Amino acid sequence: MPNIFNRLRGDSNAKLSLHSTAQGAAEGAAATSPSPVMPRTSTGTSQRPSSKYWGPRAATYASNAARKSMDRRHSDQRNPSEQEAGLVAKEQHKMEPAGIKQPWLIIRRAVLSSWINLLLLLVPVGIASHPAKFPDVAIFLINFFAIIPLAKILGYATEQLALHLGDALGGLLNATFGNAVELLVGILALVKGEIEIVQTSLVGSVLSNLLLVGGCCFFFGGLKNNEQVFSAHAAQSYGSLLAMAILATLLPAAYNSLNAKDAELKSGTLTLSHVTAIFLLVIYIAYLFFQLKTHSALFMTVSLEERIEAAKKPEKKNKSAVSVDSNAVGDTTTVPTPAPAVTPSTGGASAAEINAALEHGEPKEAGASADADADAGADAQEEEQQQDEDEEEIELTAWAAALLLAVVTGLTGVCAEFLVDSIDGLTDKWNLSPSFVGMILLPIVGNAAEHVTAVTVAIRNKMDLALGVAVGSSIQIALFVMPFLCILGWIIKEPMTIYFSPFTTVVLFITVLLVNYIIGDGRTNWLEGLMLLMAYVIIGVAYFLYPKDMDTSSTAL
């Protein structure tokens, strides 16, 4: 017991000695240093120097820093393995990946990955609806909502498998299965000869990603953040690729405006579409190599500091500037006074630590409380965003993720087949045009899961990721899914082309032009998101009023 009390008394004396030494050193430096020159304002009054650290309170902050430093050192000396024990405990609590021999654990982690998966209850009902001879409207609606959670789990399984494959193969896998629902629906509709459904669903997916998903990201993200920034280089690359896709759709439309025989136009349109599809696939492969290998730095996310600064409201940005300008009246030339150097005591904090405390622990001035509150809010937001940017944890092994991906792809294919079979009955019952179903309804199925993900990350001020989901998915549809289905139709002798009606071509052109204008500067706000949403609503109304008996596909040539 006496030893314990002696140790405590010795620690206390050391702290007091350190405090008095730091304070004495600061006061001695202040006494020996020459008095600062006070600038004169127009009114003849002296103005305070622009130095951040002023007055004898600097010694107090230095002694506090020294005391905290010594406490930390004594704690490390008494418990040398405390930090290692914490790391070991953190590793022990880390989630172990579920293996292929743990099917229930795989299902539990996949189902609990999102609240959208509550709709999985409709999957067995949707699969049983077709053999049970449900009405076409019921079959469509049940499978419509059943595919939404399946698309979400498809994305989850793809991401888990990509974590095991590395950046290159993982990026290729994400690019391939990123629009798996649209690809499955397109293949099934193409095999059944529903060319109009295939073409309108592809164009509708592009419009839905650019206008609906992108608009919601910009709008809801802009409501929480003043402005949101993203990589301007990536945005310019996206815009160029979308322009290339528009060129591929404009050429067949312009070709069909020639004054020639219908049979010759139809044959020429098919040939032009097939050749164009091949080169679009080449461009898409080159784009993946460009993004993942040679120029991956262009697609890096904007730094956290820039995002936080852009997200600040205007009044918060101006508070610090107004506080500085109110003191800088008249002559702005000041002679800065350096912070007094503090001599360390033996066994205490070093001079560098004490001076660092002076730099980071200056006292709050009378007019700086509002600035401190704003800075505290920014620091809290920064800490929250840093926590959000932790590395994604591997929850499934590679074989488990591959098994989950295969099973969910099969279930999605079954539900998509029943969905496509019920479209004719739905259009007859509700008096809708196939163009409206393919352009508006079907894209919602494939984009619902991506929609939720993109809006969530946009609200968290991760606009680079949100833009990659919205615009990146449109590029995958235009440069990969569309030409792939065109070549597949060539193989199975279906007249699938990339020629669309003049109305659809104009809509697609104006959409890409509007999006390029908005994302070109690398900054966005809620008004730009509202414009995209209103554009999507207007297009939806136009296709709702589209004549039912008018065929917009290439079979109408």
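With respect to the conditions (1) modelled with pLDDT under 90; (2) farther than 18 Å from residue 478 by Cβ; (3) in a helix (DSSP H, G or I), residue 226 falls short on a single one, namely (3). Applying a threshold of 6 Å to beta carbon distances and a minimum spacing of six or more residues, or different chains, the list of pairs starting in region 303-324 at a residue that is open to solvent by 90 Å² or more (accessible area, probe 1.4 Å) and ending at one that is at pLDDT below 75 and not acidic (Asp, Glu) reads 316/374. When residues in region 428-439 are screened for being open to solvent by 20 Å² or more (accessible area, probe 1.4 Å) and not basic (Lys, Arg), 5 of them pass.
In the condition set (1) open to solvent by less than 10 Å² (accessible area, probe 1.4 Å); (2) more than 15 Å from the chain's Cα centre (by Cα), residue 226 is compliant with all but (1). One residue is enough: does region 240-254 have a residue meeting the conditions under 25 Å from residue 301 (Cα atoms), open to solvent by 50 Å² or more (accessible area, probe 1.4 Å), in a helix (DSSP H, G or I) and of a type in the set (S, T, N, Q)? Yes, some residue in region 240-254 is under 25 Å from residue 301 (Cα atoms), open to solvent by 50 Å² or more (accessible area, probe 1.4 Å), in a helix (DSSP H, G or I) and of a type in the set (S, T, N, Q).
In region 411-420, the condition of being closer than 26 Å to residue 120 by Cα and at pLDDT below 85 is met by no residue. Restricting attention to region 479-511, the residues that are part of a helix (DSSP H, G or I), open to solvent by 10 Å² or more (accessible area, probe 1.4 Å) and farther than 15 Å from residue 252 by Cα add up to 8. Close contacts from region 432-451, counting a first residue that is at negative phi and outside any helix (DSSP H, G or I) and a second that is surrounded by fewer than 23 Cβ atoms within 10 Å (Cβ to Cβ) and not hydrophobic (A, V, I, L, M, F, W, C), with Cβ to Cβ under 6 Å and a gap of 6+ residues or different chains, come to 433/546; 433/548. Entry remark, region 96-112: residues being open to solvent by 50 Å² or more (accessible area, probe 1.4 Å), closer than 16 Å to residue 412 by Cβ and in contact with a Phe, Trp or Tyr (Cβ under 9 Å, 6 or more places away or on another chain) number 0 in total.
For region 124-152, taking the residues that are touching a residue at least 40 places away in the same chain (Cβ under 8 Å), out of contact with any Ser or Thr (no Cβ under 6 Å at 6 or more places or on another chain) and open to solvent by 10 Å² or more (accessible area, probe 1.4 Å), the one that is nearest to residue 404 (Cα to Cα) is identified as 151. Looking across region 404-427, the residues that are open to solvent by less than 20 Å² (accessible area, probe 1.4 Å), closer than 17 Å to residue 444 by Cα and not polar (S, T, N, Q) come down to 413, 415, 416, 419, 420, 423, 426. Taken as a whole, the condition of being within 29 Å of residue 226 (Cβ to Cβ), buried (at least 19 other Cβ atoms within 10 Å of the Cβ) and of a type outside the set (Asp, Glu) applies to residue 470.
Give region 255-280 a look and list any residue that's assigned to a loop (DSSP other than H, G, I, E, B) and surrounded by fewer than 13 Cβ atoms within 10 Å (Cβ to Cβ), or say none.
Within region 255-280, the subset assigned to a loop (DSSP other than H, G, I, E, B) is 256-261.
Passing the criteria: 257, 258, 259, 260, 261.
Do we have any residue at all in region 508-521 that's at pLDDT below 90 and either closer than 26 Å to residue 412 by Cβ or not polar (S, T, N, Q) (or both)? Full working, then the answer.
Narrowing region 508-521 to residues at pLDDT below 90: 520-521.
Now drop any that are not either closer than 26 Å to residue 412 by Cβ or not polar (S, T, N, Q) (or both), which leaves 520-521.
For region 508-521, residues at pLDDT below 90 and either closer than 26 Å to residue 412 by Cβ or not polar (S, T, N, Q) (or both): present.
The values are calculated or read from the model by the stated rules, or taken from the named source; none is laboratory data. Bear in mind that the values here come from a model prediction, so they are computed numbers and not experimental data. A quick note on method: Cβ atoms are made from the backbone with ideal geometry, for glycine too, and the neighbour counts reach across all protein chains shown. Each accessible area value is taken on the protein alone, full model and side chains, heavy atoms only, with ligands, DNA and RNA left out. Shrake-Rupley method; radii C 1.70, N 1.55, O 1.52, S 1.80 Å.
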